[in-house]
Amino acid sequence: MTQDHYQIVLDELVRRRGDQDHWTGILSASALSTATMVSAFAEVLLHEAEGNAGFVDTCRNELRIAIVAAVDWLVKHQNRDGGWGDTDRSFSNPSTAMLVKSALILTEQLALSAFPVGSFDEVIRLADDYLDACGGVAGIRARYGKDKTFVIPILSNAALAGLVPWSLVAALPFELAAFPQSLFRFLRLPVVSYAIPALVAIGQLRFRMSPPRNPITRWIRKACVKKTLRVLQAMQPESGGFLEAAPLTAFVLMSLAASGQLAHPVAESAIDFLLASRRNDGSVPIDTNLACWLTTLSLNAIRVEDIHAIADEELVDWLLTCQHRFRHPFTGAMPGGWSWTNLSGGVPDADDTPGALIALARIYDTVPLHRKKLVLEALFPGIEWLLKLQNSDGGFPTFCRGWGTMPFDRSSVDLTAHVLRAFQACLQLEPFSRSGSLRKRMRASAFHAIKFILRKQSKDDSNDESVEPLKSRKGCWFPLWFGNQYLTPEENPLYGTGKTLRALCDLIRFVDHPPADRNEILMSTRQLDWVDDAIARATRWIMDNQNADGGWGYKQLDASIAGGSESSIAKVERPDCVADGPPHCNSPAANGGKVVSSMEETGVVLESLFVCRRVCKEHSFWTANHDRACRQGLDCLKRMVEQKEFLTPSPVGFYFTKLWYYEELYPLIFSLGALAQEQEKLESATPPAVISGD
């Protein structure tokens, strides 16, 4: 029964919460993070005399211990092809391989007793073979295209290790950081909004190592060094970790150390953060945690009937404290938003803010009267924050309105869909019905957001190797935040289509079953037919890409790799190494004709289909084939629950930066959302029990 499977997953999710008032989760270890930490600490030790930083005396031994443990972990996790993946379940990629090689070279320069001369000869030889096959520096550049956010830090790290000349590292105009934040969107910066600390620190390092020939440019940059360092310090959070991310923090630290700025307060705080980020095995995750994101996802996946037992007063209070109440020093964001974490390095964004708004709207009726006022005091500023973020194209970016040139700052379909769901959830609350002007602005915003989503639905019906193993792209949406390493390219239309379809079906539900006040409906009547057509195309695409096992998605077929055992996780191997994307690793040709679904993607897609079935059952496009797809998908998801596949999460990633991670709670949360929808459907179809009297 679905109820049994729902309860199994819910119980496991609640167990993972532990004694906390929220979920913290566990992010995968990251070779990329671990390698950059090693390089940063090595640069500190190599330049401590030059930097005149007395505080290094107190942590010198701890830095050495951290390097030894981290390098040992990296060596053990080298893949069979000679490279490294971002996680222990990821295919090798040239960027991470270059960073690990740089870390090993810098470690050799320290001449630590734990690693005698020649300790890394074979490891580096295999890494060189892999990097040569990937095209070396050209392969790394091709991987990121015009976005320099990651290319320049990677090559700077390599230049510090002596692997590439500084002439190959593009200069960064760090002097632009001296301008007010409000002007950043007009300055056409070569990095995304979140990378200003890297722009400053790496830009100054490149300036020191290879000054520009133009005397005017030299004078301007020299004059801006101290001022931009003050900008850097103002952006550093209390925790010391920029974005709570080890790689960004490590790139800043190694640049400060190598440019003679080790005595700067930013360096000391960065060292403390990186030391605190280590795990017992020596590795470092890609970020500290996703606590706020995981908590709101969990609350939004659980049935409404169960929320009162989960969302106690402590959890509600915790979620309210996560809202940013002041202008953010990092991005200049106004108060009102939420970030992915409750820690000081988090930055409010347009995915976590809608998630928090939906969660608070769902629990509003369950909280006592004195807390309802506090919830409303969070909801209204949250909506205002989102309204001010919307881009002129109708979509919503991640952090900053109007930058628009890099992926992090462009409008995104999955974020825009999430915002629409937040609008709709809040409009169902009675206090919002009394705010006529705000409702009017929300409806106007939604009108343009829906137009953006409809424009972004793929019209491409090609059927070639560029989309293998998908049959085509026609009818799907591509997200920003989640990728799939088994697809070519590494995008994840299953996640994007599932999340967008869910939002559009929520809008349809309130058109077909309107509330008393039609002003609470976000979609205009003239948009209804367009949305109907988009939903029909999306469901056809989903059905066309359903796997033989009934589920959706693609994941590693080797059970030993999926299990993540110490003896097997270093055996991940890509069939080929190409610079412009992964091979067809999950294609029938590569895997003997067998495709295995993932629990995460099956859950996301199935939840959207269940919501679509509820609101579109009477629409002409819904056929018996749709019902069959739902049944087969549910059977597949139940089997996954019974086999406890939630114990082996699949790598996902920020595909636009080719950065991969996995989170232990994702399989539980995404499958729970689908099972909850099916359970609610069964309960609504079951007639109430007849209670006989005496």
Loop-resident chymotrypsin sites (Phe, Trp or Tyr not before Pro) in region 278-343 with no more than 10 other Cβ atoms inside 10 Å, DSSP not H/G/I/E/B, are F326
Counting only DSSP loop positions in region 339-397, the trypsin sites (Lys or Arg not before Pro) whose Cβ has at most 10 other Cβ atoms within 10 Å are none
Straight-line reach check, K440, cutoff 21 Å on alpha carbons, 8 or more apart in-chain or any other chain, hits among lysines -> K388, K451
For region 1-77, dividing by residue count, accessible area per residue (probe 1.4 Å) in Å² works out to 40
For the pair E430 and L647, the simple spin-label estimate (label points 7 Å beyond Cα toward Cβ) gives in nm 4.8
For E645 the rounded accessible area (nearest 10 Å², probe 1.4 Å, non-protein molecules ignored) is 40
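Using a probe of 1.4 angstrom, how much of the accessible area of region 359-432 is carbon and sulfur, in percent?
56
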Filtering GluC sites (Glu not before Pro) in region 215-301 by DSSP loop and by at most 10 other Cβ atoms within 10 Å leaves E238
Which of K474/K617; K148/K555; K471/K644 exceed 25 Å between C-alpha atoms? The answer is K148/K555; K471/K644
Once the in-chain neighbours fewer than 8 apart are removed, the aspartates and glutamates whose Cα is under 12 Å from K681 read E607
Note, region 421-438: 3J(HN,Hα) by Karplus (6.51, -1.76, 1.60, θ = phi - 60°), whole Hz, Gly/Pro = x, goes 5, 5, 4, 4, 5, 6, 5, 7, 8, 4, x, 6, 5, 8, 10, x, 5, 5
Between S30 and residues 5 or more places away or on another chain, the pairs with built amide H atoms under 5 Å apart involve V284, I286
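Hey, what's region 305-377 come to in accessible area per residue, 1.4 Å probe, Å²?
Value for region 305-377: 38 Å² per residue.
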Descending packing, highest mean Cβ count within 10 Å first, for 532-540, 485-493 is 485-493, 532-540
As straight-line cross-link partners of K226, the qualifying aspartates and glutamates (C-alpha separation under 19 Å, not fewer than 8 residues apart within one chain) are E50, E175, E268
Any residue on another chain or 5+ positions along whose placed amide H is under 5 Å from the amide H of L659 is listed here as F654
Of the accessible area of region 98-161, computed with a 1.4 Å probe and all protein chains kept, carbon and sulfur make up a percent value of 55
Taking protein heavy atoms only, a 1.4 Å probe, and rounding to whole percent, the accessible area of region 206-312 owed to carbon and sulfur comes out at 52
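The values are calculated or read from the model by the stated rules, or taken from the named source; none is laboratory data. Note that this is a predicted model, so its numbers are computed, not measured. Every residue, glycine as well, gets a Cβ built from its backbone with ideal geometry; the counts of neighbours run over all protein chains shown. For the accessible areas, the whole protein counts, side chains as well, though only heavy atoms, and no ligand, DNA or RNA atoms are used. Shrake-Rupley method; radii C 1.70, N 1.55, O 1.52, S 1.80 Å.
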